[in-house]
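Here is the structure we will look at, set down as structure tokens.
The values are calculated or read from the model by the stated rules, or taken from the named source; none is laboratory data. Quick caveat, the model's predicted, so the values are computed rather than measured. Glycine gets a Cβ as well: all are built from the backbone with ideal geometry, and neighbour counts include every protein chain shown. When the accessible area is computed, the model is the full protein with side chains, heavy atoms only, and any ligands, DNA or RNA have been set aside. Shrake-Rupley method; radii C 1.70, N 1.55, O 1.52, S 1.80 Å.
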Amino acid sequence: MASEKDTTASQANSMWGGRFAAGPAEIMEQINASIDFDKILYAQDIQGSKAHCQMLMDQKIISGDDGAAILKGLDQVKGEIEAGNFTYDAKLEDIHMHVETRLKEIIGDAAGRLHTARSRNDQVATDFKLWVRDTMDQMDQALKMLQTALVTKAEQHADVILPGFTHLQSAQPVTFGHHMLAYFEMFTRDRDRLRDARGRLNECPLGAAALAGTSFPIDRTQTAEALNFRKPTANSLDSVSDRDFALEFLSVAAISATHVSRLAEEIVIWSSAQFNFVSLSDQFTTGSSIMPQKRNPDAAELCRAKAGRIIGALNSLLVVMKGLPLAYSKDMQEDKEATFDAARAYALVITAMSGMVDDMTVNAAAMKASTAAGFITATDLADWLVRVLDMPFRNAHHVTGSLVALAEKKGCDLDGLTLAEMQTVESRITDDVFSVLTVESSVASRVSYGGTAPSQVLAQVENARRRIE
């Protein structure tokens, strides 16, 4: 008869078989267990297990009766988890062993046949790929909503003029619609990257087993097709050690979150009293505990901050993976927590930014007034000198700089100079020059493809709506 100590050790190590005579130390259980975060994979784990079970039945590796019991039991386990009637235990380490253990409680020893021709290594790789793929699809739809919000705002404000900046200094007048479409292009590239990464992800590792494949006559194409993968992975070693799919997802999320952060930064600046270009409603702002006049753009600030969190997750996984030999090492358990956290943060910032763009009220008068400073039509003046006086651009640049200095000394903008004053710098200047010194004429003239002219903005809005789909 086995001693109480032997029985305890056997129970504690039931997933490892007879190799271990004693249970792990308490700290080992704590550092080894992943159930606190990988329980999020329950649906993918059961989805993969059902596909594997059906293949084992079809290949006559397990009996139809055992397979049917397994499939029915897996559905019951999923139902219990979704109903909140499932008990988790750190001794069982991860979601895979929780599902298998509960399955055995429901159907008995037949549950042990489910792990035929499969390892936790290919099982977790499959579950994780399925989860990342599902998340990519959700993020694609979230980005589509953000694109739509930006295009709608661009159409509504195609002719609203504000300063365009370089170095955060007034550079040239642009339209607000054009500015919104710049972010549309960024998020369009993000969607492209997401879809591109999804295509490379979409190969199924299930059936690679621990690292070398299996001697059982499995049909990996069947399980790949059942799980909507394009095909099985080609190399068993790579199958279980690959985390490129998670790295690519985090890379896309980090780049996209950086785009969100840039727009968030502009919203923070624009909504300040000093700019007053836009305002956000109570839905996306908070007040101060001591200063009653304050309306703080906290949603934008948090979007800006969470980009760092997402970038950190990418860096974390790169560092985990950089020194690992083939095939699987326990280090790779650290792939999920950061990815799950980054995905949650990314979903938050995309959804929050969509809401802020929809919510944003544009102060067209303040934007227009801001163009009066900074000699913002200087480039238009230089272009006029080239176009009308046939002056080499470098010479025109020099003449315009001299006129800017003259206007600065006088304390006016370029259109505040008289013709006579301009002619002290360049005698050939005529009254026609004043036709290009208004911000309206400046933006209207920028009709090159992708330019800021309202006509171009509206054309690009139509183009953007087609591209969204």
Hits in the stretch 24-60 (condition: surrounded by fewer than 20 Cβ atoms within 10 Å (Cβ to Cβ), at pLDDT 95 or above, of a type in the set (A, V, I, L, M) and farther than 13 Å from ASP127 by Cβ): MET57
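What residue, of ALA224, ALA208, ALA182, is under 23 Å from GLU469 (Cβ atoms) and not charged (D, E, K, R)?
Numbers: ALA224 fails: under 23 Å from GLU469 (Cβ atoms); ALA208 fails: under 23 Å from GLU469 (Cβ atoms).
Only one candidate passes the filter, namely ALA182.
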- prompt: What about ALA273, is it over 25 Å from VAL132 (Cα atoms), open to solvent by 20 Å² or more (accessible area, probe 1.4 Å) and free of Cβ contacts under 8 Å to residues at least 24 places away in the same chain?
  reply: yes
task: For the stretch 93-104, state whether one or more residues are without any contact (Cβ under 8 Å) to a residue 40 or more places away in the chain, open to solvent by less than 20 Å² (accessible area, probe 1.4 Å) and either charged (D, E, K, R) or over 30 Å from MET360 (Cα atoms) (or both).
output: yes
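Among the residues of the stretch 379-425 satisfying the criterion of being not in a helix (DSSP H, G or I) and not β-branched (Val, Ile, Thr), which is surrounded by the fewest Cβ atoms within 10 Å (Cβ to Cβ)? Outline the logic, then answer.
Looking only at the stretch 379-425, we keep the residues that are not in a helix (DSSP H, G or I), and these are 390-392, 411-413, 417-418, 424-425.
Keeping just the survivors that are not β-branched (Val, Ile, Thr) gives 390-392, 411-413, 417.
On the way: ASP390: 9, MET391: 18, PRO392: 10, GLY411: 7, CYS412: 15, ASP413: 19, LEU417: 22.
Only one residue tops the list, namely GLY411.
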- request: For the stretch 323-333, state whether one or more residues are under 23 Å from ILE35 (Cβ atoms), assigned to a helix (DSSP H, G or I), free of Cβ contacts under 8 Å to residues at least 60 places away in the same chain and touching a helix residue (DSSP H, G or I) at 6+ places or on another chain (Cβ under 7 Å).
  value: yes
- request: Under 7 Å between Cβ atoms, at least 6 apart or on separate chains: pull out the pairs that start in the stretch 280-295 with a residue that is assigned by the TED database to the domain that holds ASP358 and modelled with pLDDT under 80 and end on any residue that is of a type in the set (Val, Ile, Thr) and not in a strand (DSSP E or B).
  value: ARG295/THR285
- line: When every residue in the stretch 153-167 that is of a type in the set (D, E, K, R) and within 27 Å of the chain's Cα centre (by Cα) is compared, the one farthest from GLU266 (Cα to Cα) is GLU155
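Let's see how each residue does on (1) within 29 Å of ALA117 (Cβ to Cβ); (2) among the small types (Gly, Ala, Ser):
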residue: ARG230; (1), (2): yes, no
residue: PHE245; (1), (2): yes, no
residue: ALA264; (1), (2): no, yes
residue: ASN276; (1), (2): no, no
residue: GLN283; (1), (2): no, no
residue: ASP298; (1), (2): no, no
